[in-house]
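The values are calculated or read from the model by the stated rules, or taken from the named source; none is laboratory data. Since the structure is predicted, the reported quantities are computational estimates derived from the model, not experimental observations. Here Cβ is always computed from backbone atoms with ideal geometry, including for glycine, and neighbour counts include all displayed protein chains. Just the protein is used for accessible areas: all its heavy atoms, side chains included, with ligands, DNA and RNA removed. Shrake-Rupley method; radii C 1.70, N 1.55, O 1.52, S 1.80 Å.
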Amino acid sequence: MAKQDVKDLDWSNLGFTYRDLPYSYNEEFKDGKWQNGGLTTDSTLTFSEAAEDLHYGQEVFEGMKAYRTKDGGINLFRPEMNAERMANSAKRLVMEQYPKDKFVEAVKAVVKANQEFVPPYGSGGSLYIRPFMVGTEPVVGVSPSTEYTFHIYATPVGAYIKGLNPMPYTVSDYDRAAGAGTGQAKTAGNYASSLLPSILAKKAGFADCLYLDPREHKYIDEFGGANFYGVTKDGQFLTPKSDSILPSITKKSILQIAKDQGLNPQETRIAIDDLDNLAEAGAMGTAAVISPVGSLTYKGNKHVFYSETEAGPVTQKLYDTLFGIQEGDVEDKHGWVESVDL
Ligand SMILES: *Cc1c(COP(=O)(O)O)cnc(C)c1O
C-alpha cells in the first residue's frame, strides 16, 4: 500500500478510514525487556504464524486524538489516562506493561513526525492515534506470550458524525462482554463479539445497538465502542455503573464537566424499563466525543428522547464545552490538554 500524500487529502471529507502515514512507532519486548524502539517508516508488522495474538487474542489497544488549535498548535487530550488504561487492560490479559511515560512520549513523537496530517482547525477533523500491543511469541498451548510488539499508527479522520445528529439505536439481545469477563479491558475480542449484533442492528435500520448488563439484562451497560449517558427530566446527568463496561476517558471528563455545570452527575444503575425518566440520552467516546441518541427501541417499543432530529440542550452544552477544551477554545480548568512541541 502506498504512503498517503498530504496533497491528496480533502480535509472536509476525510471520513473514518485508514491512511498510511509516513511514520509509525514500534518497539519490541523480548529477553525480558523492552528493546528501545522508536519511529519507523515501516507500517507493516511481521510475526510467526503461531503468534499468541493470532490464536488466543492477547491484544490491547487505545484510541486517542490530536487536535489542531486556532494558533496552529496541536493538542492531545489527557494522554496519560490512555497510558494508564492500556496498562490496566494489559494486566487483565496478562501482558507485559509498556512504561506509561514512554507511552506518552511515543504518542507525541508520532504526532510530531506526522504533523502535516493533523487536519486544520475548524475542519472538524483530527489525527486519530492508535497505540496497541500484541503478544507475538509462537505458542501452541495456551499460556501468556513472553514476547510483545508495542506499535502506534496515526491516521487523519473527519468528524465521526458531522454535527450533533441524533441517531436511532436498538437494544441487543447479545452481550458484548461477560459479567466478570474482559469488559473493562480495551481488547480486540470485545470488538469481535460486537460485530454480529452491530450488523444485525444496522440491517434492521438502526445506527447501532446498546448492550444491557450481562448478568440480569435489566440495566443499561454501553454501546460497542462508547459509554451511555442519560439526562433525567429534572436535569440530572446519569451514566451506568457496571463492571462490564469500558472506563471511557470521555465519560470521566464529561462527569467532571457535568459537575461544573451543576448537573449533579451520578454513576448508577440505569434500568432499561426506566427510559421514561430520561429527557436526553447519548453516547460518549473519543471517536464521536458525544453523539445524541434520538431513540432507543427495546422489545419492539420505540422510545424517543429529546428529539429524533435535534440534540437536546444539555447534550449540546456538554459537547460544546468538551470539544471546545480539546480544540483549545474553552478554558482548560482541569489541566486536561497537553500541547505537542512541534
Ligand atoms: C474505547 C471505548 C469507549 C470510549 O472510551 P474513550 O476513552 O472515551 O474513547 C467506550 N466503550 C468501549 C467498549 C470502548 O472500547
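Give the range 38-95 a look and list any residue that's among the charged types (D, E, K, R), within 16 Å of the ligand (Cβ to nearest atom) and surrounded by fewer than 19 Cβ atoms within 10 Å (Cβ to Cβ), or say none. Scanning the range 38-95 gives Glu80, Glu84, Arg92. In contact with a helix residue (DSSP H, G or I) (Cβ under 7 Å, 6 or more places away or on another chain) and open to solvent by 30 Å² or more (accessible area, probe 1.4 Å) - does that describe any residue in the range 193-212? For the range 193-212, residues in contact with a helix residue (DSSP H, G or I) (Cβ under 7 Å, 6 or more places away or on another chain) and open to solvent by 30 Å² or more (accessible area, probe 1.4 Å): present. Criterion applied to Tyr148, Tyr153 was being open to solvent by 40 Å² or more (accessible area, probe 1.4 Å) and touching a strand residue (DSSP E or B) at 6+ places or on another chain (Cβ under 7 Å), and the one residue passing it is Tyr153.
Given the conditions (1) open to solvent by less than 40 Å² (accessible area, probe 1.4 Å); (2) hydrophobic (A, V, I, L, M, F, W, C); (3) touching a residue at least 40 places away in the same chain (Cβ under 8 Å), and given that Val142 satisfies all but one, which numbered condition is not satisfied? Unmet condition: (1). Residues in the range 232-251 that are of a type in the set (Lys, Arg) and either without any contact (Cβ under 8 Å) to a residue 40 or more places away in the chain or surrounded by 15 or more Cβ atoms within 10 Å (Cβ to Cβ) (or both): Lys241, Lys251.
Please find, among Val118, Val157, Val171, the residue that is in contact with a Gly (Cβ under 7 Å, 6 or more places away or on another chain) and farther than 30 Å from Glu52 by Cα. Just a single option satisfies the conditions, and that option is Val157. Against the criterion of being assigned by TED's automatic domain parsing to the domain that holds Tyr56 and under 30 Å from Asn26 (Cα atoms), Ser194 does not qualify. For the range 285-342, a residue qualifies if it is assigned to a loop (DSSP other than H, G, I, E, B) and of a type in the set (Ser, Thr, Tyr), and the qualifying residues are Thr286, Tyr306, Ser307, Thr309.
The criterion of at least 3 residues that are assigned by TED's automatic domain parsing to the domain that holds Lys108, within 21 Å of the chain's Cα centre (by Cα) and farther than 27 Å from Phe206 by Cα is met, among strands (runs of 3 or more DSSP E) falling completely within the range 122-187, by 126-135, 148-157. For the range 258-292, the set of residues classified as among the charged types (D, E, K, R) and either in the same structural domain as Leu127 (by TED's automatic domain parsing) or open to solvent by less than 30 Å² (accessible area, probe 1.4 Å) (or both) consists of Glu280 only.
The one condition from (1) over 25 Å from Asn88 (Cβ atoms); (2) open to solvent by 50 Å² or more (accessible area, probe 1.4 Å); (3) within 16 Å of the ligand (Cβ to nearest atom) that Tyr169 does not meet is (2). Given the structure, is Pro197 part of a loop (DSSP other than H, G, I, E, B) and either acidic (Asp, Glu) or closer than 30 Å to Val134 by Cβ (or both)? Spelling it out, it is not the case that Pro197 is part of a loop (DSSP other than H, G, I, E, B) and either acidic (Asp, Glu) or closer than 30 Å to Val134 by Cβ (or both). Condition first: touching a Lys or Arg at 6+ places or on another chain (Cβ under 9 Å), of a type in the set (Phe, Trp, Tyr) and either under 26 Å from Val289 (Cβ atoms) or modelled with pLDDT under 95 (or both). Can you find one or more residues in the range 166-188 that meet it? So far as the range 166-188 goes, no, none of its residues is touching a Lys or Arg at 6+ places or on another chain (Cβ under 9 Å), of a type in the set (Phe, Trp, Tyr) and either under 26 Å from Val289 (Cβ atoms) or modelled with pLDDT under 95 (or both). Are there any pairs with C-beta distances below 9 angstrom linking a residue in the range 84-99 that is under 14 Å from Thr146 (Cα atoms) and assigned to a loop (DSSP other than H, G, I, E, B) to a residue that is within 12 Å of the ligand (Cβ to nearest atom) and among the polar types (S, T, N, Q), with the two at least 6 apart or on different chains, and if so which? Sorted first by the residue in the range 84-99, then by its partner, the pairs are Leu93/Thr182; Leu93/Thr187; Met95/Ser89. Small (Gly, Ala, Ser) and within 30 Å of Asp71 (Cα to Cα), is that true of Gly225? No: the conditions fail for Gly225.
Consider the range 312-342. How many of its residues are under 15 Å from Arg68 (Cα atoms) and open to solvent by 30 Å² or more (accessible area, probe 1.4 Å)? Here the count works out to 9. Scan the range 213-228 for residues that are under 19 Å from Pro292 (Cβ atoms) and touching a helix residue (DSSP H, G or I) at 6+ places or on another chain (Cβ under 7 Å) and the total you get is 3.
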